[in-house]
Amino acid sequence: MGATLSTLSYLVASVLFILALRGLSHPETSRRGNTFGMIGMGIAILATLFHHGMDLGGIVLVIAGLAIGGTVGTVVARRIQMTALPQLVAAFHSLVGMAAVFVAAAAFYAPESFGIGTHGHIHGQSLVEMSLGLAIGAITFSGSVIAFAKLAGRMSGAPITFGGQHWLNLGLGLLLLVLIISFVATGNAALFWMIALLSFALGFLLIIPIGGADMPVVVSMLNSYSGWAAAGIGFTIGNLLLIITGALVGASGAILSYIMCKGMNRSIINVLLGGFGSESGAAAAGGGDADRPPVKAGSPEDAAFMMKNAQKIIVVPGYGMAVAQAQQVLREMGDLLKKEGVDIKYAIHPVAGRMPGHMNVLLAEANVPYDEVFELEEINPEFADADVAFVIGANDVTNPAAKTDKSSAIYGMPILDVERAKTVFFIKRGMASGYAGVENELFFRPNTMMLFGDAKKVTQEIVQALQR
Amino acid sequence: MNATELANQAQATAQRALELAAQARAAAEAVAPVAAAAEPFLYLLTIFLLACFVGYHVVWNVTPALHSPLMGVTNAISSVIVVGAILAAGTADGAAARIFGFIAVTLASVNIFGGFMVTRRMLAMFKKKGS
């Protein structure tokens, strides 16, 4: 295929990718957008397969790779549970990172094929781009592996911190810089692999101090990195499609990280330095303050009775709902209440769940229509005229202390104004604090009724009471 | 301010503009050889920066409810790195580069198929009231 034709195909693919993202501005257009993305990818792969210099053996190799990878990807994507989505995305990010490492290695060992010089004599500028693509790819890989392990519960979600951690990371970062500079100067193969190894180590060390509930930021950030890695490789091999797509993905991940940080009122630096939430055990132990008003606990029957007679109910789901797999039974509860003429809405905090938009997907999976689900800014004014706020699996994002208590760790975080509802039902296993290690003031408010127990079990009991 | 003064000022301004233009030209001529050498890179960089802006504006338009599918799609399209992998597997000299290319094609394909498929599954679940 001629160079012009393949460049044109790459341009068409880039436009289709932009349209794929554009489609996500509304659920109605999103499915078409996704199809555009698939077509774009198909065009890109076909155009590359017809690239001049492709030999038969190579085409067989490529098709074998596509078939193996495609089968694995399809099977995994079909089987995965929606609650496990965050770890799946993290795992996928790691693959992009690793692919970037291998493409960089291929470009290093066969520079002629990419027109960046001859073996041992690669252009200096290409070496810079190559080492950046390599380093970012390797950091994306090992960082995503840790994020995956934390999200999937294969390792503790608690932050792992030790003395001098940040100094160690800084030192390794500087060492990486030195390695890259000497690699660019010499083009030495040993230095290439040392950059890879050091970047793997750095990716690992950067993510271990970050706690489980900060994973939405980490997953978004690694999403961004995978884009920058692709762009870096695009610069190395002079491919426009890689550069454009890498920039799109990089920008997308960066925006999502920003939105998540704003949702917690924390800076990205603060999240990345980690250690947040490690003091939760201590704070929980001191929870039984004597001068606190007593907590009111209720039964599912009481809740069912009050909700049946309500006019407007706002449900606030959180990660706890996903852990308990309570979304189906929650929707059943909503259906029964709707039959009683109750107006039901769902309120989603930006950082609810373990990845951006996770709660929306879980509710959609449980057949909750998306026009009953609202974002924080849309729904907050409505709590004042709601009869019931039903908090299931959320905690910190409902804590009024974020608005009033300047000493609180979560002060300034935007929260859902559940305390303005006439009655608040709060499903919780026990009195322990949330992720931020802060006690929730809401529990002690006179209009709050605690429903102690597992989210799914309590909701089931409410459903049974409603059916009677 | 009378007419003569105004004319004098205008003349001075015109003179200054001419000088600046000459300076700009000299600067451009001085930079030209450097720019010619760096041209392919500058061209790529221009496209990269413009694509960042496009990404920025398109992504801010994505509704928060679809942020998970957004991650799914960006995940799938970032595996466009498969293009580099295919070139390595199919055209490179030397077994090492081909094997690296093959591994990269396989890894990226998991992502392409998995990413688009899981996004499709997610999006299929988003339904309106009554549908």
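The Cα center of segment B:1-30 and the Cα center of segment A:128-204 differ in position by 55 Å.
Partner aspartates and glutamates whose Cα lies under 17 Å from the Cα of A:Lys422, excluding those fewer than 8 positions away in the same chain, are identified as A:Asp302, A:Asp343, A:Glu382, A:Asp385, A:Asp387, A:Glu441.
Take the accessible area of chain B alone and of chain A alone, subtract that of the pair, and you get about 8200 Å² summed over both chains, using a 1.4 Å probe.
Rounded to a whole number, what % of the accessible area of segment A:1-79 do carbon and sulfur atoms account for, probe 1.4 Å?
Numbers: 2920 of 3950 Å².
Its accessible area is 74 percent carbon and sulfur atoms.
May I ask you to give the solvent-accessible area per residue for segment A:1-79, in square angstrom, as obtained with a 1.4 angstrom probe? Please list the in-between numbers first.
Numbers: 3950 Å² over 79 residues.
In whole numbers, segment A:1-79 has 50 Å² accessible per residue.
Of the beta bridges in chain A, as assigned by DSSP with both residues counted there, near 10 percent are antiparallel.
In this model, which of A:Lys457/B:Lys128; A:Lys338/A:Lys456; A:Lys150/A:Lys296; A:Lys296/B:Lys129; A:Lys150/B:Lys128 are farther than 31 Å apart at the alpha-carbon?
Working: A:Lys457/B:Lys128 28 Å; A:Lys338/A:Lys456 19 Å; A:Lys150/A:Lys296 35 Å; A:Lys296/B:Lys129 36 Å; A:Lys150/B:Lys128 34 Å.
Check vs 31 Å cut-off fails for A:Lys150/A:Lys296; A:Lys296/B:Lys129; A:Lys150/B:Lys128.
Karplus-based coupling profile of segment A:78-95, in residue order and whole Hz: 6, 8, 5, 7, 5, 5, 8, 4, x, 5, 5, 4, 4, 4, 4, 4, 4, 5, with θ = phi - 60° in 6.51 cos²θ - 1.76 cosθ + 1.60 and x standing for Gly or Pro. Which FRET efficiency, nearest 0.05, do A:Thr186 and A:Arg154 yield, Cβ-Cβ r, R0 35 Å? Rounded to the nearest 0.05, the efficiency is 0.35.
Peptides A:121-127, A:24-30, B:66-72 ranked from most to least packed give B:66-72, A:24-30, A:121-127, packing being the mean of other C-beta atoms within 10 angstrom over each peptide's residues.
For segment A:11-45 versus segment A:330-353, the inter-centroid distance based on Cα atoms is 32 Å.
Here's how it looks for A:Thr448: its modeled amide H is under 5 Å from those of A:Val424, which are all 5 or more places away or on a different chain.
If you take all other residues with their beta carbon under 13 Å from the beta carbon of A:Asp454, and give Lys and Arg +1 and Asp and Glu -1, the sum is +3. The simple spin-label model puts a point 7 Å past each Cα toward its Cβ; for A:Gln311 and A:Arg79 those points are separated by 5.2 nm.
Computed from the C-beta positions of A:Glu378 and B:Lys129, the FRET efficiency with R₀ = 22 Å rounds to 0.85.
Which aspartates and glutamates, if any, have their Cα less than 15 Å from the Cα of A:Lys339, not counting same-chain residues under 8 positions apart? Filter leaves no residues.
Return one quarter of the surface area of the convex hull spanned by the alpha-carbon atoms of the protein assembly as shown, equal to its mean projected area, in nm².
Numbers: hull surface 142.3 nm².
For the Cα atoms of the protein assembly as shown, the hull's average projected area reads 35.6 nm².
Placing dummy labels 7 Å off each Cα toward the beta-carbon, the span from A:Glu112 to A:Ala297 is 7.7 nm. Dipole check for segment A:290-467: with +1 at the C-beta of Lys and Arg, -1 at the C-beta of Asp and Glu, and the Cα centre as origin, the magnitude is about 380 Debye.
Add -39500 (n - 2.57) for each DSSP H run of 4 or more in the protein assembly as shown, then divide by its residues: what number comes out at 222 nm, to the nearest 500 deg cm²/dmol? Intermediate values should be presented prior to the final figure.
Working: 22 runs with 390 residues, N = 599.
Computed ellipticity for the protein assembly as shown at 222 nm equals -22000 deg cm²/dmol.
For segment A:324-355, backbone nitrogen atoms closer than 19 Å to the point 7 Å from A:Asp385 Cα along Cα-to-C-beta are found at A:341-347. Placing unit charges on the Cβ atoms only, positive for Lys and Arg and negative for Asp and Glu, gives chain B a dipole magnitude near 1040 debye about its Cα centre.
Between B:Thr46 and A:Arg468, what's the calculated FRET efficiency when r is the beta-carbon distance and R0 is 56 Å? Round to 0.05. Mind showing how you got there, number by number?
On the way: r = 69 Å, r/R0 = 1.23.
Between B:Thr46 and A:Arg468 the formula returns 0.25.
Residues of segment A:197-236 with an amide N closer than 15 Å to a point placed 7 Å from the Cα of A:Thr161 along the Cα-to-Cβ direction: A:206-214. Placing +1 on each Lys and Arg Cβ and -1 on each Asp and Glu Cβ, with no other charges, gives the protein assembly as shown a dipole about its Cα centre of roughly 1100 debye. Were the residues from A:Gln328 through A:Met194 laid out at 0.36 nm apart, the gain over their Cα-Cα distance would be 43.3 nm.
Just to be sure I follow the definition: excluding the sites themselves, where is the longest run in chain B that has none of the trypsin sites (Lys or Arg not before Pro) in a DSSP loop with at most 15 other Cβ atoms within 10 Å? Longest gap between qualifying sites, sites excluded: B:1-126.
Do any trypsin sites (Lys or Arg not before Pro) in segment A:425-459 lie in a DSSP loop with no more than 16 other beta carbon atoms within 10 Å, and if so, which?
On the way: sites: A:Lys428, A:Arg429, A:Lys456, A:Lys457; in loops: A:Arg429.
Passing both the DSSP loop test and the Cβ count: A:Arg429.
Distance from the C-alpha centroid of segment A:413-458 to that of segment B:57-118: 42 Å, rounded to the whole angstrom. Here the spin labels are modelled as points 7 Å beyond Cα on the Cα-Cβ line, and at A:Lys339 and A:Arg429 they lie 3.2 nm apart. Counting only alpha carbon atoms, the long axis of helix A:240-264 and the longest principal axis of chain A meet at about 20°. Residues in segment B:68-107, backbone N under 17 Å from the label point at A:His119 (7 Å along the Cα-to-beta-carbon vector): list them, ranges by number please. Answer for segment B:68-107: B:88-102.
Can you list which of the trypsin sites (Lys or Arg not before Pro) found in segment A:325-417 are DSSP loop residues with at most 16 other C-beta atoms within 10 Å?
On the way: sites: A:Arg331, A:Lys338, A:Lys339, A:Lys345, A:Arg354, A:Lys403, A:Lys406; in loops: A:Arg354, A:Lys406.
Here the sparse-neighbourhood loop sites are A:Lys406.
Close amide H partners of A:His119, meaning residues 5 or more places away or on another chain with modelled amide H under 5 Å apart, are A:Glu112.
The values are calculated or read from the model by the stated rules, or taken from the named source; none is laboratory data. Worth saying up front: this structure is predicted, and the values here are computed from it rather than measured. Don't worry about glycine lacking a Cβ; one is built from the backbone with ideal geometry, like all the others, and counts go over all protein chains shown. In case anyone asks, the SASA skips ligands and DNA or RNA and just uses the protein heavy atoms, side chains included. Shrake-Rupley method; radii C 1.70, N 1.55, O 1.52, S 1.80 Å.
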